[in-house]
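The values are calculated or read from the model by the stated rules, or taken from the named source; none is laboratory data. Everything numeric in this text was worked out from a predicted model, so none of it was measured. Glycine also receives a Cβ, built like all others from the backbone with ideal geometry; neighbour counts cover every protein chain displayed.
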Amino acid sequence: MKRYFIFLAYNGTRYHGWQLQENAHTVQAELNQKLSALLSVPINVTGCGRTDAGVHARSFYAHFDMEYAIPDLTQLTYKLNRFLPSDIVVYWIKEVAEALHSRFSAVSRTYRYYIATTKNPFLTGFCMTYDGVLNIDHMQQAAEMLKLFDDFTSFSKLHTQTHTNICRITESKWQQEPGLLVYTVTADRFLRNMVRAIVGTLFEVGKGKLQPEQIKTIIESKDRANAGFSVPAEGLFLEDVTYPANAFEP
């Protein structure tokens, strides 16, 4: 059995997320359909995670298995990009060790959330817009506190199939850029809706509706109702997924 990794990116605006769903347009469905047609066998790709409807990915990995070797991966990549819609791009396809798993072998994932602080028509669909006053220092204080905890039940979508809500956050910070406010968070794993709920809660801190130290109480309550709102999906990007060194060597 041969295992192949795909490195891709997508604009999630038109999709109901990554995960295959009945009666819904998804990124996984597009890849399955196009690869199956090109390789003349049924293909079901496995993704490194699942992004929600409307969320984008600058860096996403998936894998699939074949009983025989694909002779020209460069040509397959070229043909796949010709078949795929313009909002999905495949950068490369590589043969890897059979034990490498796109989801379970990943070491960390990094998300960024983008907030436009002025009206910008060129960012429409890729950020949330807010031109009010925010206390960035308080937002940063609250963001740093997230690294002290590992149970993020308070920021998880309810009634999911997840067996544990334990996540280890290693990076959590706000950065100001011209016309933009960007939140970056890195962890070993994320829960459904977790990043959007975190950003919404930090946003409440920035507006003065919550104090930074209240983040501790919210997390310890393990109650989603105590956290802030979920920000719109359009501002969220999966920016990076990391694997062990030399992971992509066959």
Which of the residues spanning region 27-54 are of a type in the set (A, V, I, L, M, F, W, C), out of contact with any Phe, Trp or Tyr (no Cβ under 8 Å at 6 or more places or on another chain) and either at pLDDT below 95 or part of a helix (DSSP H, G or I) (or both)?
29, 31, 39
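Taking the options 201, 217, name whichever one is within 21 Å of residue 130 (Cβ to Cβ) and of a type outside the set (Gly, Ala, Ser). Even if it seems obvious, please write down each step before you answer.
Numbers: 217 fails: within 21 Å of residue 130 (Cβ to Cβ).
Going through 201, 217 in turn, just one is within 21 Å of residue 130 (Cβ to Cβ) and of a type outside the set (Gly, Ala, Ser): 201.
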When you scan region 73-92, how many residues do you find that are in a loop (DSSP other than H, G, I, E, B) and among the hydroxyl-bearing types (Ser, Thr, Tyr)?
1
(1) among the small types (Gly, Ala, Ser); (2) surrounded by 14 or more Cβ atoms within 10 Å (Cβ to Cβ); (3) not in a strand (DSSP E or B) all hold for residue 172 apart from (3)
Just to be sure before I move on: is residue 102 touching a strand residue (DSSP E or B) at 6+ places or on another chain (Cβ under 6 Å) and assigned to a strand (DSSP E or B) in the structure I sent?
no
Has region 189-205 got any residue that is of a type in the set (S, T, N, Q), surrounded by fewer than 21 Cβ atoms within 10 Å (Cβ to Cβ) and not in a loop (DSSP other than H, G, I, E, B)?
no
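May I ask you to say which residue of 115, 70 is over 30 Å from residue 231 (Cβ atoms), aliphatic (A, V, I, L, M) and either outside any strand (DSSP E or B) or outside the structural domain of residue 20 (by TED's automatic domain parsing) (or both)?
On the way: 115 fails: over 30 Å from residue 231 (Cβ atoms).
Sole residue among the options that is over 30 Å from residue 231 (Cβ atoms), aliphatic (A, V, I, L, M) and either outside any strand (DSSP E or B) or outside the structural domain of residue 20 (by TED's automatic domain parsing) (or both): 70.
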The condition from (1) at pLDDT 95 or above; (2) over 30 Å from residue 42 (Cβ atoms) that residue 94 misses is numbered (2)
Exactly one condition in (1) surrounded by fewer than 17 Cβ atoms within 10 Å (Cβ to Cβ); (2) touching a residue at least 24 places away in the same chain (Cβ under 8 Å); (3) not polar (S, T, N, Q); (4) not in a helix (DSSP H, G or I) is not met by residue 209; state its number.
(2)
Can you pull out the residues in region 212-250 that are in a strand (DSSP E or B) and closer than 17 Å to residue 103 by Cα?
238, 239, 240, 241, 242
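Could you list, in sequence order, the residues of region 11-26 that are within 22 Å of residue 232 (Cα to Cα) and part of a loop (DSSP other than H, G, I, E, B)?
Residues satisfying the conditions are 11, 15, 16, 17, 18, 19, 20, 21, 24, 25, 26.
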In the set 88, 70, the lone residue that is surrounded by fewer than 16 Cβ atoms within 10 Å (Cβ to Cβ) and either in contact (Cβ under 8 Å) with a residue 24 or more places away in the chain or under 30 Å from residue 128 (Cβ atoms) (or both) is 70
For residues that are at pLDDT 95 or above, more than 18 Å from residue 215 (Cα to Cα) and among the aliphatic types (A, V, I, L, M), tally how many sit in region 157-186.
3
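Might you check whether a residue that is under 13 Å from the mean Cα position of the chain (by Cα) and in contact (Cβ under 8 Å) with a residue 60 or more places away in the chain occurs anywhere in region 36-48? Give the steps one after another, and end with the answer.
Of region 36-48, the ones under 13 Å from the mean Cα position of the chain (by Cα) are 47-48.
Retained after the next criterion (residues that are in contact (Cβ under 8 Å) with a residue 60 or more places away in the chain): 48.
Yes, because at least one residue in region 36-48 is under 13 Å from the mean Cα position of the chain (by Cα) and in contact (Cβ under 8 Å) with a residue 60 or more places away in the chain.
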Residue that is farthest from the chain's Cα centre (by Cα), among those in region 97-120 that are charged (D, E, K, R) and at pLDDT 95 or above
103
Residue satisfying condition, being in contact with a strand residue (DSSP E or B) (Cβ under 6 Å, 6 or more places away or on another chain) and not assigned by TED's automatic domain parsing to the domain that holds residue 231, within set 63, 16:
63
Answer yes or no as to whether residue 178 is under 27 Å from residue 58 (Cβ atoms) and either in contact (Cβ under 8 Å) with a residue 12 or more places away in the chain or surrounded by fewer than 19 Cβ atoms within 10 Å (Cβ to Cβ) (or both).
yes
